[in-house]
Amino acid sequence: MAGTTMQAAAVQDMTQYLTFFLGDETFSLEIGRVREVLDYTIITSVPRMPEYVQGVINLRGSVVPVVDLRLKFGMPAISVSVNTCIIIVEATVGGDDVVLGLLADSVQEVIELERGAIQPAPRIGTRLDTGYIKGIGRQDDRFIIILDIDRVFSHDELDRVQDMRRGSEAMQQPAA
């Protein structure tokens, strides 16, 4: 019985993450927040959106905003390649659930990290916002930036994206 309790505790200390590349850096999201990974598809641009909002895609009849995380994080825009993909995630901001597509250079793998292999996000002065970083994981000799998807976007940013999504859905409705 004690062995079973120890195994259960060990399982609870492990979390699965989907790892992906943005440039040369490895990022990850908790697997429970990821709905699916899609091959890159044509994205319909929407005027007057922040630069990092690339537009929307149709996901089985739902309009899903797509964000270039590289631009959001101050990196150069993504260069679409055969490995480029869209990670469909669920974020919660201000009590609202939002489905978003995140552009990634490529998806790597699903990994398990022990709680002890994750360090808190580093404090890098006051000018750099690291509030969206849940922690830094370590696997073998590499570091993995673990994103807190609920904190990557502000409530105001998601409101704007949601308004865009609702406008796109209204445009898709047939005229009465």
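Each reported figure results from applying straightforward, stated rules to the coordinates on display, with no laboratory input. The model shown is predicted, which means the values in this text are computed figures rather than measured ones. Counting neighbours? That spans all protein chains shown, and the Cβs are built from the backbone with ideal geometry, glycine included.
At most 13 other Cβ atoms within 10 Å and a DSSP loop assignment: could you name the GluC sites (Glu not before Pro) in the range 42-143 that fit? Present the calculation step by step, with values, prior to reporting the outcome.
On the way: sites: 51, 90, 109, 112, 114; in loops: 51.
Loop-located and lightly packed - 51.
Among beta bridges identified by DSSP and lying wholly in the range 15-169, the antiparallel ones come to about 90 percent.
Close amide-amide hydrogen proximity is noted between residue 63 and no other residue 5 or more places distant or on a separate chain, at a cut-off under 5 Å (H modeled in the peptide plane; Pro and chain starts excluded). In this structure the amide hydrogen of residue 26, modeled in the peptide plane, comes within under 5 Å of the amide hydrogens of 145, none closer than 5 places in sequence on its chain. Shown in residue order for the range 37-46 are the 3J(HN,Hα) couplings computed by the Karplus curve 6.51 cos²θ - 1.76 cosθ + 1.60 at θ = phi - 60°: 10, 10, 5, 4, 9, 5, 10, 7, 6, 10 Hz (x for Gly and Pro).
Placing dummy labels 7 Å off each Cα toward the beta-carbon, the span from residue 154 to residue 106 is 3.5 nm.
Once you keep just the Cα pairs under 8 angstrom separated by 6 or more residues, what percentage relative contact order results for the range 30-92? Walk me through the numbers on the way to the answer.
Values: 81 pairs, mean separation 25.7, N = 63.
Relative contact order comes out at 41 percent.
If I take R0 = 41 Å and measure r between the Cβ atoms of residue 14 and residue 51 in this structure, what FRET efficiency does the formula 1/(1 + (r/R0)^6) give, to the nearest 0.05? Write out the running numbers ahead of the final one.
On the way: r = 37 Å, r/R0 = 0.91.
E(calc), rounded to 0.05, equals 0.65.
Sequentially through the range 134-140, phi angles give Karplus couplings (6.51, -1.76, 1.60; θ = phi - 60°) of 6, x, 10, x, 10, 9, 6 Hz, Gly and Pro residues having no value and appearing as x.
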